[in-house]
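For reference, the structure is listed below as structure tokens.
Every number in this text was worked out from the coordinates using simple rules, so none of it is lab data. What you see is a predicted model, and the numbers here were worked out from it, not measured in a lab. Cβ coordinates were reconstructed from backbone atoms using ideal geometry, including for glycine residues, and neighbour counts include every protein chain displayed.
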Amino acid sequence: MSDLIRALETLEETALGSLDGASDVDSLERWRLLVLGRRGSLAETLKGLGTLTADQRPKAGQVANRVKASLEASFAVRLETIQKEVRRLELGAERLDVTLPASPRPRGSLHPVTKIRREIEGAFARLGFTSVEGPEVEWDQYNFTMLNIPPDHPARDIQDSFYIDGGSGTGGEMLLRTQTSPVQIRTMLAHKPPIRIIAPGRTYRNEATDASHEAMFTQVEGLCVDRNVTMADLRGTLTAVTRVLFGPDREIRFRCGYFPFVEPGAEVDMTCHVCNGRGCRVCKRTGWIELGGAGMVHPKVLANVGIDPSVYSGWAFGCGLERFAMLRYGIDDIRLFYDNDLRFLRQFS
């Protein structure tokens, strides 16, 4: 019996010594199998209980139970210690320093046409104008008829406009608007003078695409209707806006032009912002750059919307925002605006 007790005590001392060397869960599991497993050293030693007499077994059994309980308790404590250390290392690796600055995130930028549009809206807002939008799918009545463009007018040619199949009603056929002038019509129908608005937005024409033409482009039109409005008011307004966009030295001039919804009509030019009117490659040596069309609102247009042309008068203008952006940024191809080439767009960030 004494030999068995010494064997158990020696096993306990040796096993506890090797337990301290288990530094991770895997090595601890190997220790458990070698010592506490069904075929481990403790189980092999306990086989000796079968060789003892009946009066020797109780004392040897007490020692065996104590050794087994001691080894199992030490194993549990060691396992908990190792698990805590593993968790501590994991938390340390995952720890975030919330005081560190955030990683920079890529930021987008405004499209060059959008930037020009906002500048124009801001310039007109300072002059008391309101920016108004309207539907891009429009009735023929608003896009043509009420603008003094009769059914046989060349602008009605099916090759110039995108009509909607099956789109017809009291307003005539439906089409993608060819200008933002319908917004002027809708505004004059809904409001009585005085009216001061600009109408920016996308427009559509069946154009042959090239460096200066696109089937979709962005237009801004202006409208002022009140008593005693003259061409001088138009000139002063356009001069003020072009100076905001292109510098304080800009001047404008009017050339005779024809548009069915204005009378008289004019083409508007601005002194070249590159050479200041001396003549250069940008202005083709003329000193002037064309901006768009303008004129006094035709009396028939005023009458069509229920405004008495004998009491009120007004002026209107229209130009392409892409043209302004091309002039501002020195861009020579309108198609670059809508090719979605990030190399091009990042230049305006």
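Between helix 231-246 and the chain, what is the angle of the helix's C-alpha long axis to the longest principal axis, kept within 0 to 90° and rounded to the nearest 10?
The two axes meet at around 30 degrees.
Kindly identify segment 190-349 as rounded, prolate or oblate by the Cα gyration tensor criterion: order the square roots of the eigenvalues as a ≥ b ≥ c, call it rounded if a/c is under 1.5, otherwise compare a/b with b/c, prolate if a/b is larger, else oblate.
Since a/c reaches 1.5 and a/b is larger than b/c, the shape of segment 190-349 is classed as prolate.
Share of antiparallel DSSP beta bridges in the chain, in percent to the nearest 5?
Once the DSSP bridges in the chain are tallied, antiparallel ones form about 95 percent.
Any chance you could list P(r) for segment 126-278, counting all Cα-Cα pairs in 10 angstrom bins from zero, rounded to whole %?
10, 33, 37, 18, 3, 0
With loop defined by DSSP as not H, G, I, E or B, and exposure as at most 12 other Cβ atoms within 10 Å, which is the longest segment of the chain clear of exposed trypsin sites (Lys or Arg not before Pro)?
Free of exposed loop sites, the longest segment is 127-226.
Using a Gaussian network model on the chain with a 10 Å cutoff between Cα atoms, which of GLU44, GLU121, GLU251 fluctuates the most?
GLU44
Going by a ≥ b ≥ c, the root eigenvalues of the Cα gyration tensor, does segment 159-227 fall in the rounded group (a/c under 1.5), the prolate group (a/b larger than b/c) or the oblate group?
It is oblate, given that a/c is not under 1.5 and a/b is not larger than b/c.
Pulled fully out, how much extra length does the chain show between TYR329 and TYR258, if you take 0.36 nm times their separation in residues and subtract their Cα-Cα distance?
22.6 nm
If I measure Cβ to Cβ between cysteines in the chain, which ones have no partner under 4.7 Å?
That list is CYS224, CYS256, CYS319.
For segment 309-323, just list the computed ³J(HN,Hα) in residue order, Karplus coefficients 6.51, -1.76 and 1.60, θ = phi - 60°, integers in Hz, with x standing in for Gly and Pro.
Per-residue couplings from phi come out as x, 7, 10, 10, 9, x, 10, 9, 8, x, 7, x, 5, 4, 5 Hz.
Helix 57-94 against the longest principal axis of the chain: what's the angle in degrees, Cα atoms only, rounded to the nearest 10?
20
Please say if segment 267-349 is rounded, prolate or oblate, where rounded means a/c under 1.5 for a ≥ b ≥ c the square roots of the C-alpha gyration tensor eigenvalues, and otherwise the choice is prolate for a/b larger than b/c and oblate otherwise?
It is oblate, given that a/c is not under 1.5 and a/b is not larger than b/c.
Subtracting the Cα-Cα distance from 0.36 nm times the residue separation, let me have the gained length for ALA69 to GLU251 in nm, one decimal.
Additional length available on full extension: 55.3 nm.
Suppose R0 equals 30 Å. What FRET efficiency, 1/(1 + (r/R0)^6) with r the Cβ-Cβ distance, do SER168 and ALA211 give to the nearest 0.05?
That gives a FRET efficiency of 0.25.
Taking a quarter of the surface of the Cα convex hull of segment 238-294, what do you get in nm²?
Computed as one quarter of the Cα hull surface, the answer is 3.9 nm².
Using alpha carbons only, how many degrees (0 to 90, rounded to 10) separate the axis of helix 112-125 from the longest principal axis of the chain?
Relative to the chain, helix 112-125 is tipped by roughly 60 degrees.
LYS300: which lysines have alpha carbons under 17 Å from its alpha carbon, excluding same-chain residues fewer than 8 sequence positions away?
Cα-Cα hits under 17 Å: LYS192.
If I model a spin label at PHE348 and ASP160 as a point 7 Å from the Cα along the Cα→Cβ vector, what separation in nanometres do I get?
Roughly 2.8 nm, to one decimal.
To one decimal place, what orientation-averaged projected area in nm² is obtained for the convex hull of the Cα set of the chain?
35.0
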